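Below is one structure, written out as structure tokens, with a few remarks after it.
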Amino acid sequence: MNSTKPQIMIREYRADDAPAMAQLFYDSTHSLGPRRYTPEQVSAWAPAPADPGDVHTRASDGRTTFVAIDAAEEVVAYGDLEVDGHIDHLYCRPDAAGAGVASVLLDELISRARLAGVPKLYVEASELARSLFERKGFTLLRRCNFEVRGVPIHNYAMQRFLN
């Protein structure tokens, strides 16, 4: 059995990545979300693909946004790091999920935070992402219950101190 790591490259966000990221967020939520969330929760979280203009505005608001691209230079994952250490997005295209891409991307975000002198990272991890963050040294603080578009949903507040 061949367990080859995916051939990806991590690079900083470019404006022309926004359409792929918008679609990736929607596809990831709708393809992977049902593994741990109800159809109603998935639809509330991502009722439609995001507007690429909104994705671009968000990715260029001062946060660091990285994309993982494959050999064909297609975006297969993306993640962001806000200046205060908050990791807000970490999403992987469904066909790349489970291949280690999100792990490599998270390593890059952690490395960038260290270089920037950020003392602590924090995240609200989904049911799907919680175990990845735990493997990367994040500790669980609490389960967060809230509503999105009137639908009850939850995630997990987690943190990691950087030394």
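Details
- Single condition residue 64 does not satisfy, out of (1) buried (at least 23 other Cβ atoms within 10 Å of the Cβ); (2) closer than 14 Å to residue 15 by Cα: (1)
- The residues of segment 95-107 that are in contact (Cβ under 8 Å) with a residue 60 or more places away in the chain and either assigned to a loop (DSSP other than H, G, I, E, B) or in contact with a Leu (Cβ under 6 Å, 6 or more places away or on another chain) (or both), listed by number, are 97, 99, 100.
- Residue satisfying all of: in segment 111-163; assigned to a strand (DSSP E or B) and among the charged types (D, E, K, R); farthest from residue 33 (Cα to Cα) among these: 120
- None of 55, 42 is in a helix (DSSP H, G or I) and touching a Gly at 6+ places or on another chain (Cβ under 6 Å) except 42.
- Considering only residues in segment 116-150 that are under 14 Å from the mean Cα position of the chain (by Cα) and polar (S, T, N, Q), the one that is surrounded by the most Cβ atoms within 10 Å (Cβ to Cβ) turns out to be 126.
- Here 37, 78 are screened, and the one residue that is out of contact with any Cys (no Cβ under 6 Å at 6 or more places or on another chain), of a type in the set (Phe, Trp, Tyr) and within 24 Å of residue 147 (Cα to Cα) is 37.
- Test: residue in segment 23-30 that is assigned to a helix (DSSP H, G or I) and over 26 Å from residue 146 (Cα atoms): no
Where a number appears in this text, it was derived from the coordinates with a stated rule and is not lab data. Since the model is a prediction, treat every value here as computed from it, not as a measurement. All Cβ positions, even for glycine, are placed from backbone atoms using ideal geometry, and neighbour counts span all protein chains on display.
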